[in-house]
Amino acid sequence: MSVPAHPVPARLLDATQCPTPHVSSMEQYKEMHEESVKNPVGFWRKMAKSNLDWISPFSDETVTQGSFSEGDIAWFPQGTLNVAYNCIDRHAAKDPNSVAMIFEADEPGNHEKITYGTLLREVCRFANVLKKHGVRKGDTVAIYMPMVPEAAYAMLACARIGAVHSVVFAGFSADALRDRMVDAQCKILITADQGLRGGKVVHLKKIADEALAQSPSVERVILFQRTGDEKVPFNATRDVWWHEECITQRPYCPCEPMNAEDPLFMLYTSGSTGKPKGVVHTTAGYLLGAYTSTKYIFDLHPGDIYGCMADVGWITGHSYIVYGPLANGVTTVLFESTPTYPDASRFWQVVDTHKLTQLYTAPTAIRALRRLGDAFVEKHSLESLRVLGSVGEPINPEAWDWYNTVVGRGRCAVVDTYWQTETGSIIVTPLPGCTPTKPGAATLPFFGVDLAILDANTGKEVPYDGSEEITGVLALRQTIPSIARTVYGDHNRYLDTYMRPYKGFYFTGDGAARDTDGYYWIKGRVDDVINVSGHRMSTAEIESALITHPACAESAAVGIADDLTGQAVVCFCTLKSHHADEASVAAALRFQVRTQIGPFAAPKAIVIVNDLPKTRSGKIMRRILRKAAGGEVTLEDIEDDDAIRAKLGDISTLADPSIVKHIVEKVKKAG
Ligand code: PRX
């Protein structure tokens, strides 16, 4: 796996062409990284003092406390600060006219520049609206918004007054929104009449109303008018209009002094079991992680125009559209559209129109654009770009090469950034000015990150001396400021998921290899999490959506490789009674997943089977389903015991071995 490395493009190190990178040699990286893991207290104390503004300082004696073993992590616990102040006020005070955000609306040609001065006023007005409606420090607020500046205003307004936001991606269904609002006991929902994406209307208020019918904690709905469609339902006793509320409010609102460990937000994410969990991030540590990682990994410099094409509904949007870039005082882009609307040159138009210096997107988008041909890219200059980022799933070398040569023209750094909702900020990544890259490798740990590769069976660290590649599960040996502190309402689940599987370590849930150059290669999830286009879903979540359908008796969801989306979901279902028209039952079951979770979770295929492959003790042998769904076992194999053993391993514990043939036949039929 030790493939030749791509050196840092010479242009990035040429001071006549580009600003000098913050880290411009491997020696400097190694020195900083070593200091950060050997002396995390000293390293993060310095970073926190020199880069964040504090209301009252933290104590030098208690920079960090707690451990993974106890799950009682805290950073800077004596300090107080406010995230909105750090992201807005301090920059507005220096230069209120510098641009904080560029809103690139769905329709090309429609964009708006928002200065730090305007951002301050808008966020303050909305913070006052929240206060007027009774929101206080510690209250939870749900945000279900399209990709408009008001989504960011709402998040920052919560941060300003100490409310805890829970952003729910606008592609989630009414049921999913309801579950999240009920779990978090949200008092307020902030949403919009409708969203616009790729020329299509998303009926947000209509979906929200369905969710609200079963969300008793929500007292007030603040409705932002995106399209102005008059048919949008409005409940006069519960709903108020964003614009009508803001116009009456003063454009200044004092910042609430927040303890470093007060929660800043929660964000629901899928794990290997049951319902999604509300991962809780706190104030100072999260902000420091977002600030530091954005600065070094995207090599931000004053005047940069940084574009992360994610959605604020995911952690990438939180850390790398809103908090990280704004804490650094650069210009961040909010992109409402899709990479292919109105055609596949949209990203490149945005890059050239706004002169983006960094572009951050997901492998799925890169693969989709690559398929549509180079011509869309080639007609654009893209000269302003210095750093190209990838996130959310493993990037295959072909997509990496295309990103590097066709988009980057060999003149940009490609950073494959690995992290998770729970880590809050990037943990494995190249740095643009120093790290030689290998297509498909996330390369090396970021500052403060002390990685371990563990043997999944013994739980012991796999020894590494650089003489040969090692593989195992990826874990963190010591805490980082931005790591999640708890699961909302269920700290025991936090301990069970992350801290207890390997005592003393934080368990990522991912498999990884470390090659002879010390580089890390992320291999994907080792638990029951499926990653479709960078969207994280659990098999349990999909299965419980399926079994709520009256026709479905049992279900099992598996992930298979997919050229475009990385992974795709295939579900196997047994029915309560025989149906002659299996195709229409399968369609109904597929629809069931769309309505219970969201359109993005719709399985690629639903295979109706007579039974699932179970052991005599009743456990489903998922590997049989995975291999059958992935087309790895053929009907010819079934007749050959050796081929079956080679492909499926030992299946002698199956209660009914003939089920394998049935499943393979059904997969074939389902296409
Ligand atoms: O499996 C890893 C994959 O995405 C998971 C985290 O998903 P989520 O919490 O939704 O956060 C997505 C944005 C960070 C990880 O456990 N993943 C993320 N980035 C990469 C990746 N897999 C491989 N390479 C990456 N760069």
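So, A310, is that one touching a residue at least 60 places away in the same chain (Cβ under 8 Å), part of a loop (DSSP other than H, G, I, E, B) and small (G, A, S) or not?
Judged against the criteria, A310 is a match.
Tell me, please, whether a residue that is assigned by the TED database to the domain that holds V322, of a type in the set (A, V, I, L, M, F, W, C), crowded, with 21+ Cβ neighbours inside 10 Å and away from the ligand (no atom under 15 Å from the Cβ) can be found in the range 426-437. Give the derivation first.
Taking the range 426-437 as the starting set, the residues that turn out to be assigned by the TED database to the domain that holds V322 are 426-437.
Next, from what is left, pick out any that are of a type in the set (A, V, I, L, M, F, W, C): 426-428, 431, 434.
Still in the running and crowded, with 21+ Cβ neighbours inside 10 Å: 426-428, 431, 434.
Next cut, away from the ligand (no atom under 15 Å from the Cβ) only: 434.
There is at least one residue in the range 426-437 that is assigned by the TED database to the domain that holds V322, of a type in the set (A, V, I, L, M, F, W, C), crowded, with 21+ Cβ neighbours inside 10 Å and away from the ligand (no atom under 15 Å from the Cβ).
Could you list all residues from the range 170-193 that are open to solvent by 10 Å² or more (accessible area, probe 1.4 Å), free of Cβ contacts under 8 Å to residues at least 60 places away in the same chain and either of a type in the set (V, I, T) or not in a helix (DSSP H, G or I) (or both)?
Within the range 170-193, V182, Q185, K187 meet the criteria.
Restricting the range 46-82 to residues that are closer than 18 Å to T486 by Cβ and outside any loop (DSSP other than H, G, I, E, B), which is most open to solvent (accessible area, probe 1.4 Å)?
Ranking the candidates gives Q65 first.
Report the residue count in the range 500-535 for those that are more than 16 Å from the ligand (Cβ to nearest atom) and either buried (at least 19 other Cβ atoms within 10 Å of the Cβ) or of a type in the set (F, W, Y) (or both).
Selection size over the range 500-535: 0.
I'd like to verify a number: residues in the range 537-554 that are assigned to a helix (DSSP H, G or I) and touching a strand residue (DSSP E or B) at 6+ places or on another chain (Cβ under 7 Å), how many?
5
Among the candidates D642, D611, single out the residue that is surrounded by 12 or more Cβ atoms within 10 Å (Cβ to Cβ) and either of a type in the set (D, E) or in contact with a Pro (Cβ under 6 Å, 6 or more places away or on another chain) (or both).
Details: D642 fails: surrounded by 12 or more Cβ atoms within 10 Å (Cβ to Cβ).
When all the criteria are applied, what remains is D611.
Return the residue satisfying two criteria in turn: it lies in the range 536-557 and is within 24 Å of T497 (Cβ to Cβ), open to solvent by less than 20 Å² (accessible area, probe 1.4 Å) and away from the ligand (no atom under 16 Å from the Cβ), and of such residues it is farthest from the chain's Cα centre (by Cα).
Checked the range 536-557; the qualifying residue farthest from the chain's Cα centre (by Cα) is S555.
Determine whether I659 is touching a Pro at 6+ places or on another chain (Cβ under 6 Å) and either under 22 Å from H578 (Cα atoms) or touching a residue at least 40 places away in the same chain (Cβ under 8 Å) (or both).
yes
Go through the range 306-331 and report how many residues are of a type in the set (S, T, Y), over 17 Å from Y85 (Cα atoms) and away from the ligand (no atom under 12 Å from the Cβ).
Residues flagged as of a type in the set (S, T, Y), over 17 Å from Y85 (Cα atoms) and away from the ligand (no atom under 12 Å from the Cβ) within the range 306-331 amount to 1.
From the list A580, A557, A568, A588, pick out the single residue that is out of contact with any strand residue (DSSP E or B) (no Cβ under 7 Å at 6 or more places or on another chain), free of Cβ contacts under 8 Å to residues at least 60 places away in the same chain and not in a helix (DSSP H, G or I).
Result: A580 is the single residue among A580, A557, A568, A588 that is out of contact with any strand residue (DSSP E or B) (no Cβ under 7 Å at 6 or more places or on another chain), free of Cβ contacts under 8 Å to residues at least 60 places away in the same chain and not in a helix (DSSP H, G or I).
Regarding the range 412-424, can at least one residue be identified that is part of a loop (DSSP other than H, G, I, E, B), within 14 Å of the ligand (Cβ to nearest atom) and of a type in the set (V, I, T)?
For the range 412-424, residues part of a loop (DSSP other than H, G, I, E, B), within 14 Å of the ligand (Cβ to nearest atom) and of a type in the set (V, I, T): present.
The values are calculated or read from the model by the stated rules, or taken from the named source; none is laboratory data. Model, not experiment: these values are computed from the prediction. All Cβ positions, even for glycine, are placed from backbone atoms using ideal geometry, and neighbour counts span all protein chains on display. SASA here: full protein model, heavy atoms, side chains in, ligands and nucleic acids out. Shrake-Rupley method; radii C 1.70, N 1.55, O 1.52, S 1.80 Å.
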